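Okay, structure first, notes after.
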Amino acid sequence: MTAKVRHYLRFDDFTRQEYEHLFERTRWIKERFKRYERYWPLEDRTLAMIFEKQSTRTRLSFEAGMHQLGGAAIFLATRDSQLGRGEPVEDMAQVVSRMCDVVMIRTFEQETLSRFARSSRVPVINGLTNEYHPCQILADIYTYGEQRGPIRGRTVAWIGDSNNVCNTWLQAAQVFDFKLHVSTPPGYEVEPERMVGNCEPFADPMSAARGADLVTTDVWTSMGFEAENEERRRDFEAWQVDAEMMRAAKRDALFMHCLPAHRGEEVAAEVIDGPQSVVWDEAENRLHTQKALLEYLLLGKLE
Ligand code: CP
Ligand code: NVA
């Protein structure tokens, strides 16, 4: 191998310039797709998708995206692969990366993903770990740009759990230079080392939402933490994004949620189904942004 393989394991693996490029490519790819124009730069390329957790959007968007780019995608679930019977992740990486051109993994520990990437000859993409969900925020920031222009200098309010999606927003605030208000219930605070630069913690979720350009949240209980469900429902009660909280934000503030959502828990139905919500565009843009990501990782910077 000559060139160093690029992976996408965390949001800050790419620079702002690289994101600007990805967004340009996304616009172009999306427009062509909407006009039913064939674009097959990844003909004969194969994506392996390894899922250790459930998924709707991530699987669909990567599988459909690869197909639309002229390539193929193979779905592997833990229980159907030798990974589920204890085959070392490094051995799996050796084998998969000799047969496929790019790999997407959804797993528990970020370290599992990093170990896979270290033994892989081909690019590895984080399809969600307990720590990060970079593909989600890639789509979210593109969606913000489509609706309201560049996110730089704006204020984003994160209301809820200090989870993988929150950690990724924290990295994005550094890369894109926007302000991030974070409000989590007591006992669920973000680790202090993640709260750097433009990030500000708020004990009161209403104060966090005040003046925000974008209000965003996620489930109270992430995959892998189901045993804490009941306790979390109690602890997070005051952290629901409802109409009153949206009124504290700017008049033209957007609402985002990575989905799946629980109406009546982290978000009120009138908010997620209301006029400020862009959750369906956000979900659709997973497809277009990840097609640009696959193109970039496999073919480099196309003009
Ligand atoms: N937002 C997201 O990643 O959804 P899935 O869990 O359905 O893939
Ligand atoms: N934080 C959620 C995101 C799901 C897309 C989870 O990890 O389950």
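The values are calculated or read from the model by the stated rules, or taken from the named source; none is laboratory data. Quick caveat: nothing in here was measured; it's all calculated off a predicted structure. FYI the Cβ positions are ideal-geometry reconstructions off the backbone, even for glycines, and counts take in every protein chain you see. Surface accessibility is based on the protein's heavy atoms, side chains included, excluding ligands, DNA and RNA. Shrake-Rupley method; radii C 1.70, N 1.55, O 1.52, S 1.80 Å.
A few points about this structure:
- With Cα atoms defining each centre, the range 186-218 and the range 83-119 are spaced 33 Å apart in the structure.
- The amide H of Asp218, built 1.01 Å from its N in the peptide plane, has Asp161 as neighbours under 5 Å, considering only residues 5 or more places off or on other chains.
- Radius 13 Å from Cβ of Thr155, net charge of other residues (Lys, Arg +1; Asp, Glu -1): +2
- Stretchable slack from Gln147 to Met195, in nm (0.36 nm times residue separation minus alpha-carbon distance): 14.6 nm
- Cut-off 14 Å between beta-carbons: net charge of the residues surrounding Cys258, Lys and Arg +1, Asp and Glu -1: -3
- P(r), alpha carbons of the range 1-137 - 5 Å bins starting at zero, rounded %: 2, 9, 18, 23, 22, 15, 7, 3, 1, 0
- Spatially near lysine pairs across the chain, Cα under 26 Å, sequence gap of 8 or more or different chains: 9
- Paramagnetic reach from Asp12 (point 7 Å along Cα→Cβ, amide N under 14 Å) across the range 155-172: 167-172
- Adding -39500 (n - 2.57) for every DSSP H run of four residues or longer, then dividing by how many residues the chain holds, sets the calculated 222 nm ellipticity at -12000 deg cm²/dmol.
- Cut-off under 5 Å, modelled amide H: who pairs with Gly211 long-range: Ala249, Lys250
- Less than 5 angstrom separates the built amide H of Phe202 from those of Val182, Ser183, Thr184, all sequence-distant by 5 or more or on a different chain.
- Using every pair of separate Cα atoms, the Kirkwood estimate puts the hydrodynamic radius of the chain at 19.7 angstrom.
- Here the convex hull built on the C-alpha positions of the range 83-142 has a volume of 81 cubic angstrom per residue.
- Here the extension length gained between Arg85 and Ala243 equals 52.1 nm, from 0.36 nm per residue of separation less the Cα-Cα distance.
- With θ taken as phi - 60° and the Karplus curve 6.51 cos²θ - 1.76 cosθ + 1.60 applied, the whole-hertz 3J(HN,Hα) list for the range 217-226 is 8, 7, 3, 6, 10, 7, 4, x, 10, 4 Hz, x standing for glycine and proline.
- Given their separation in residues at 0.36 nm each and the Cα-Cα distance between them, Met206 and Arg98 gain 33.8 nm when the chain is fully extended.
- A 1.4 Å probe run over the protein chains yields, for the chain, 45 Å² of accessible area per residue, whole-number rounding.
- Derived scalar couplings ³J(HN,Hα) [the range 227-243; Karplus, 6.51 cos²θ - 1.76 cosθ + 1.60; whole Hz; x for Gly, Pro]: 4, 8, 3, 5, 4, 5, 4, 6, 5, 9, 3, 7, 9, 7, 7, 10, 4
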